[in-house]
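These notes concern the structure reproduced below.
The values are calculated or read from the model by the stated rules, or taken from the named source; none is laboratory data. Keep in mind that this is a model prediction, so the values were computed, not measured. Heads up, the Cβs are rebuilt from the backbone with ideal geometry, glycines too, and the neighbour counts pull from every protein chain shown. These accessible areas exclude ligands, DNA and RNA; they are computed on the full protein's heavy atoms, side chains included. Shrake-Rupley method; radii C 1.70, N 1.55, O 1.52, S 1.80 Å.
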Amino acid sequence: MIYIKNRTEIEKMRAAGRLAANLLLYIEPFIKPGINTLEINDLCHEYTLKHGAKSAPLNYKGYPKAICTSINQVVCHGIPKKEDVVREGDIINVDVTPILDGYHGDTSKTFIVGEIPPDVRQLVEDTEKAMWIGIEQVKPGNRVNDISNAIDDFLTPKGYGIVRDLMGHGIGRNFHEDPQIPHFRQNRTLAKLEPGMIFTIEPMVNMGTYEVSFSRKDKWTVTTRDNKLSAQFEHTVLVTQTGYEVLTLP
Ligand code: MF3
Ligand code: CO
Ligand code: CO
């Protein structure tokens, strides 16, 4: 069931989204060679608490940390740990979700660390562009599959693998609600977009195969099957009367 948010709820989602965006801005200057992902986690967690919010991932279905940090071939849900040190040439996605006054703001960005090969830079740029192409499809009357297909039409001709096993999602009082938002081609009719719907668009894009592996060891880390690189960007988006409003902007 898809929840349509009322004015009060939308105002709270704006505040949570703004905090999430500011959290990514806050952490950006710390993403330098030598920092480890546990330090990134702790800085984000402290910032979140200081701003009167909680970190949604912490204890979510047993997840052990406050944010997700996914380096290189890690697609998503990387668990921060002091052994994971950021190095020159890495790409690292930081995914944050504060809960403010009961509502969630979910956003992520892939950071580039120092000098990286041109094809990796292109992957990161294309992934961010794909997210925006999806966002531009958000308006009343369009359908979820219009978002999926616009993203696929942009990425697939470039030879990327678009992750299928993880998708965007409705969000509000719950971290994950209906509808699911696939980022790959849908030859079927999905839900019609209506004002007041709020969901994330968060394409995970691989240099090689779209197939992923789920860690049997830590139960969370998702990696590419072929160990090639993967990038991701995420925003939380509101359907308005005329189009969209990105809630996870500062
Ligand atoms: N923030 C992720 C998303 O975009 C979800 C992380 S769930 C966690 O949906 F438990 F791993 F934190
Ligand atoms: Co999300
Ligand atoms: Co997220």
Do the sum for the chain: with -39,500 (n - 2.57) for every DSSP H run of n ≥ 4, divided by all residues, what is the mean residue ellipticity at 222 nm, to the nearest 500 deg cm²/dmol? -8500 deg cm²/dmol
Across region 158-250, what fraction of all alpha-carbon pairs, as a whole percent, falls in each successive 5 Å bin from zero upward? 3, 12, 19, 20, 19, 14, 9, 3, 1, 0
Quick one: which of Lys54/Lys82; Lys81/Lys109; Lys109/Lys219; Lys50/Lys217; Lys32/Lys65; Lys109/Lys192 span more than 30 angstrom between C-alpha atoms? Lys50/Lys217
If Rh is defined by the Kirkwood formula over all Cα pairs and Rg also comes from Cα, what ratio Rg/Rh do you get for region 7-246? 0.95
Can you run phi through the Karplus equation (6.51, -1.76, 1.60; θ = phi - 60°) for region 199-212 and list ³J(HN,Hα) in whole Hz, with x for Gly and Pro? 8, 9, 10, 8, x, 9, 10, 10, 5, x, 5, 6, 6, 10
Can you compute the charge dipole magnitude of the chain about its Cα centre, using +1 on each Lys and Arg Cβ and -1 on each Asp and Glu Cβ, nothing else charged? Give it in debye, rounded to the nearest 20. 540
If Lys and Arg each add +1 and Asp and Glu each add -1, what is the summed charge of the other residues whose beta carbon sits under 15 Å from the beta carbon of Thr8? +2
How large a share of the accessible area of region 7-246, in percent, is made up of carbon and sulfur atoms when the probe is 1.4 Å and the other protein chains stay in place? 48
